[in-house]
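For reference, the structure discussed in these notes is given below.
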Amino acid sequence: PVMHGGAPAAGRNEYHLVVALFDAGGKRIADARVTARVRELGMDGTRKILEPMQIGEVTTFGNYFVLRQGGIYRLEIGVSQPAQRASENIEAIFEYRLP
């Protein structure tokens, strides 16, 4: 199957963001809805759904994002599960410096 609509075109500065989820006991979470907003600091950025990916029997979530070289990016990851209330959704924020 084609992953996330196909591989990026060469030279387009597209990067593959992959997120692996685990519960408090260390068990993989495979039934989540995962979104990511990737943006340069001070900019609006792009929000996408991270699609589930099966590699063997392991589930991760991912999608492609365009990152120009030499910037600082904020990655905002949102996670919800079918049985959760909205107040139980999780958000994690990371900063990444692209050389």
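The accessible area of residue 44, taken with all protein chains in place and a 1.4 Å probe, comes to roughly 110 Å². Surface composition of the chain: carbon plus sulfur atoms hold 53% of the accessible area, using a 1.4 angstrom probe and ignoring ligands, DNA and RNA. Using a 1.4 Å probe on the protein heavy atoms only, what accessible surface does residue 90 show? Give it in Å² to the nearest 10. Rounded to the nearest 10, that gives 100 Å².
Let me spell out the model: positive unit charges on the Cβ of Lys and Arg, negative unit charges on the Cβ of Asp and Glu, origin at the Cα centre of the chain. What dipole size does that give, in debye rounded to 20? Intermediate results must be reported in sequence, preceding the final value.
Values: 12 positive and 11 negative charges, 40 e Å.
Dipole size: approximately 200 debye.
Using a 1.4 angstrom probe, figure out how much accessible area the chain has per residue, in square angstrom, rounded to the nearest whole. Mind dumping the intermediate values first?
On the way: 6720 Å² over 99 residues.
For the chain, the solvent-accessible area averages 68 Å² per residue.
Find out how many positive minus negative residues lie around residue 93, taking Lys and Arg as positive, Asp and Glu as negative, among other residues whose Cβ is under 9 Å from that of residue 93.
On the way: positive: 74; negative: 76, 91, 95.
Neighbourhood net charge equals -2.
The equivalent ellipsoid of the chain has semi-axes of 24, 18, 11 Å, largest first, where each one is the square root of 5 times an eigenvalue of the Cα gyration tensor. Centre-to-centre separation between the Cα atoms of region 13-52 and those of region 63-80: 9 Å.
The values are calculated or read from the model by the stated rules, or taken from the named source; none is laboratory data. The structure displayed is predicted, hence computed values, not measured ones. Cβ coordinates were reconstructed from backbone atoms using ideal geometry, including for glycine residues, and neighbour counts include every protein chain displayed. Each accessible area value is taken on the protein alone, full model and side chains, heavy atoms only, with ligands, DNA and RNA left out. Shrake-Rupley method; radii C 1.70, N 1.55, O 1.52, S 1.80 Å.
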